[in-house]
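In what follows, a single structure is set out as structure tokens and then discussed.
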Amino acid sequence: MQNQFSFLDASFDQFEQLAEVVKDWDLEFHQLSATTTRPSLSQLATLESVINHVHVGCIFDQHGHTPAGFRTFAILETDSPAISFRNQTADPNSLMIFPQDNEIAAASPASFNVYSLSIKTGFLQHQIANLTGLAPEDLLAKEGGVFTGSPESIQALRIFIRNTIKQAKLLAGKPALLAQLLTMLDFDHQFANHIIDCLLNCKQPAAGHSSHKIQQAINQSIDIIQQENHDPIPVKDLAKRVAISQSSLEHGFKKHFGVNPKQYLKYTQLNLVRNALLSANSKTTKVTDIANLYGFWHMGQFASDYKNLFGELPKQTLKSP
């Protein structure tokens, strides 16, 4: 029975290490500020669910996919600032529902503290039918989004997850005792019941036309930045191409990411350089060549900006194992 359960509690020097460890997730982090703390992960995996408690100490932009075969939700810890999730603002009283296609689109304007909650789709559907008599599709929004509703339901879920992780930490290295605890708690059923209670008491707020227009411009801007990443575009030209004023675009980026478009452009390029350096052969690769490829020509300023963001020089990244 103990093989059905596992627990990991770790901190990391790099986001890349965190992304590799998170069970069955496809993650891509773009770091947009220097980190104030090492990213940490507590992960509890059971027969029917995977719970991740992640604490990140920097501004970031996150993309990827949640585990296939699961429906995934997320709630913030009470001390976490609000984040952007699927173009909507989520705070500690929000339930975030990932879409049926499992796509991740999230950004934090400050350090954040979050629980991601994945439960096997078939198991959750079975529990919904048994407990409510409703068709599962009536509760599970296919497109996902930020839902608000009963703070009591969300807090009860948060306390249940928080306390279970605390107990799992006390039993670290003792898988038989952990299995015994989770079986005694009937964890998967209780977890599903809390999720269903939140779903029954939450609703999705309507977005205003103005905020939708700005968000659409931000999304288009990001697409352009990603598609033309070898030739950084001036912000004024970016604003023209997405048909919005430069001041509105700057305000939208600042609200969404915590940085302005010029900073976002630079940090995106630096992240691309870092990814290239991490995958390059240090014996045949020159930092200068990769930096030039992504639009950095003043190597002194580039090295300084890189170190300020990632805490190490580019040549140290290239030589890292």
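What are the pairs with Cβ atoms under 9 angstrom where one residue, in the range 177-192, is over 16 Å from Gln127 (Cβ atoms) and the other, located anywhere, is among the β-branched types (Val, Ile, Thr) and part of a helix (DSSP H, G or I)? Sequence gap at least six, or different chains. The qualifying pairs are Leu181/Thr164; Leu182/Thr164. From the list Ala239, Ala291, the lone residue that is on the phi < 0 side of the Ramachandran plot, crowded, with 21+ Cβ neighbours inside 10 Å and free of Cβ contacts under 8 Å to residues at least 24 places away in the same chain is Ala291. A single entry from Ser94, Ser116 fulfils the requirement of being buried (at least 18 other Cβ atoms within 10 Å of the Cβ), hydroxyl-bearing (Ser, Thr, Tyr) and closer than 19 Å to His256 by Cα: Ser94. Restricting attention to the range 138-156 and to residues that are at pLDDT 95 or above and under 21 Å from the mean Cα position of the chain (by Cα), the residue that is surrounded by the most Cβ atoms within 10 Å (Cβ to Cβ) turns out to be Ile154. Inclusion of Ile224 among residues that are touching a helix residue (DSSP H, G or I) at 6+ places or on another chain (Cβ under 8 Å), under 21 Å from Ser84 (Cβ atoms) and β-branched (Val, Ile, Thr) is warranted.
Summed over the range 278-295, the residues that are modelled with pLDDT under 95 and closer than 30 Å to Ala110 by Cβ give a count of 4. The set of residues in the range 19-76 being under 11 Å from the mean Cα position of the chain (by Cα), among the acidic types (Asp, Glu) and crowded, with 19+ Cβ neighbours inside 10 Å consists of Asp61 alone.
Whether any residue in the range 157-175 is of a type outside the set (Ser, Thr, Tyr), part of a loop (DSSP other than H, G, I, E, B) and either buried (at least 16 other Cβ atoms within 10 Å of the Cβ) or in the same structural domain as His256 (by TED's automatic domain parsing) (or both) is what I want to check. Yes - at least one qualifying residue is present in the range 157-175. Out of (1) at pLDDT 90 or above; (2) in a helix (DSSP H, G or I), what's the single condition that is false for Ser211? Of (1) at pLDDT 90 or above; (2) in a helix (DSSP H, G or I), only one is false for Ser211: (1). Among the residues of the range 304-317, those that are in contact with a helix residue (DSSP H, G or I) (Cβ under 6 Å, 6 or more places away or on another chain) and surrounded by fewer than 19 Cβ atoms within 10 Å (Cβ to Cβ) comprise Leu313, Lys315. Ile225 falls short of the stated requirement of being in contact (Cβ under 8 Å) with a residue 12 or more places away in the chain, under 24 Å from Thr35 (Cβ atoms), of a type in the set (A, V, I, L, M) and crowded, with 20+ Cβ neighbours inside 10 Å.
The values are calculated or read from the model by the stated rules, or taken from the named source; none is laboratory data. No experiment lies behind these values; they were computed from the predicted model shown. Reconstructed Cβ throughout: ideal geometry from the backbone, glycine too, with neighbour counts over all protein chains shown.
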